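Okay, so here's the structure we're looking at.
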Amino acid sequence: MATPSNILNELNGMRAHLSATDGKIADVILAKPQAVVNMTISQLASQAEVSDASVSRFCKNINLHGFHELKIALARVAEDQDSYYQEITPDDLQQSLRSIGVNKKAEIDGTLGMNDTTTVSGILDMLQNASVIQVAAAGGTFPVAADAVYKFNQLGYLAFADSVWDSAVGQTMNLPRGSVLMVISNSGETADLIKQMQVARARGVQIIAITNRRDSPIGQAADWCMLTAVRQRILESEYYFSRVSAMTAVEALFLLLLARDKDRLTHIKAHEDIVARTKV
């Protein structure tokens, strides 16, 4: 786990990959983190319907020394967050819409708050000095890659992506020296993307990952890993990858690159002028 202050974000990111027992404990914590701060280990075990020993193992499984450290980590972030996860049901559409708003705001705030300065600076340096930027993603995440390509090209960086993996990996094989591969993945376990990273690494290409899980194969294999926060659930069970948080990460990098070099605003305006001429 990256830092104790990110424990709720981290638990959300790893929830789908926890064992059944650990998942039950995590669900109690995510449902009422402030209440857990004041629980004993036996009370949390009872709420999760597991044993005290299971709670101790859970703490070690998420890289904490024990239950006391879990409570300290929660105390840092859990205040006023008993409604941390907002339920969405078909029974009350207005309440569900409000809940979606709360969840999406939490995803944005979590994504922008959980990445340290060293990581963000390292990613910005890599992008700023890249000769070419290739962005890779699979399935429903590809629109985020397309958005990143649009934004980087607007700034004046040559960037591209291909939704067909056979073509994309062929492009990776031809990346010139000084290129950067940015990989966007929810689980961090997509086999095609992992293979593409291996191809890039063999060519000496630097790699950035944007993912929910730092401990995933993609997160661990990257030079820099930018974490995204996930809040939304499908009803009350499974978390799913939110394009909102991934696009927030891309948008943040876009704005920070522009802040570093205001001269790139000229390139954005020139691009917008060209595009404007195509409109009626």
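Peptides 251-261, 179-189, 122-132, ordered by how many other C-beta atoms sit within 10 Å of their residues on average, highest first, read 179-189, 122-132, 251-261.
With a ≥ b ≥ c the root eigenvalues of the C-alpha gyration tensor of region 139-230, is it rounded (a/c under 1.5), prolate (a/b larger than b/c) or oblate? Cα axes put region 139-230 in the rounded bin. In the chain, the DSSP beta bridges split such that about 10 percent are antiparallel, to the nearest 5. For a modelled paramagnetic label at PHE160, 7 Å from Cα along Cα-to-Cβ, the residues of region 127-141 in reach, with backbone nitrogen under 16 Å, are 131-137. Placing unit charges on the Cβ atoms only, positive for Lys and Arg and negative for Asp and Glu, gives the chain a dipole magnitude near 680 debye about its Cα centre.
In this structure the chain gives 48 Å² per residue of accessible area when probed at 1.4 Å with all protein chains present. The dipole here belongs to region 136-280: it is taken about the Cα centre, uses +1 on the Cβ of Lys and Arg and -1 on the Cβ of Asp and Glu, and is about 320 debye. Just checking my list (1) 56, 39, 33; (2) 74, 74, 33; (3) 63, 46, 33 against Cα extents along the principal axes in Å computed from this structure; which label fits? Answer by label: (3). Only Lys, Arg, Asp and Glu carry charge here, each on its Cβ (+1 for the first two, -1 for the last two); on that basis region 146-198 has a dipole of about 240 debye about its Cα centre. Separation of region 85-154 and region 34-64, taken as the distance between their Cα centroids, equals 31 angstrom. Positive-end ranking of ALA137, LEU8, LEU64 along the dipole of the chain, with charges on Cβ about the Cα centre, is headed by ALA137. In this simple spin-label model, placing a label point 7 Å from the Cα along the Cα-to-Cβ direction at both ASP92 and GLN220 gives a separation of 4.3 nm.
Among the protein heavy atoms, those of VAL244 account for about 50 Å² of accessible surface (1.4 Å probe, every chain in place). Among GLU272, GLU49, the order of accessible area from largest down is GLU49, GLU272, computed with a 1.4 Å probe on protein heavy atoms. Taking every lysine pair in the chain that is 8 or more places apart or spans two chains, those with Cα atoms closer than 26 Å amount to 19. Classification of region 29-76 by its C-alpha gyration tensor yields an oblate form. The axis ratio a/c (a ≥ b ≥ c) is 1.5 or more, and b/c is at least a/b.
The values are calculated or read from the model by the stated rules, or taken from the named source; none is laboratory data. Values in this document were obtained by computation on a predicted structure and should not be read as measured data. Don't worry about glycine lacking a Cβ; one is built from the backbone with ideal geometry, like all the others, and counts go over all protein chains shown. Calculation scope for accessible area: heavy atoms of the full protein, side chains included, ligands and nucleic acids excluded. Shrake-Rupley method; radii C 1.70, N 1.55, O 1.52, S 1.80 Å.
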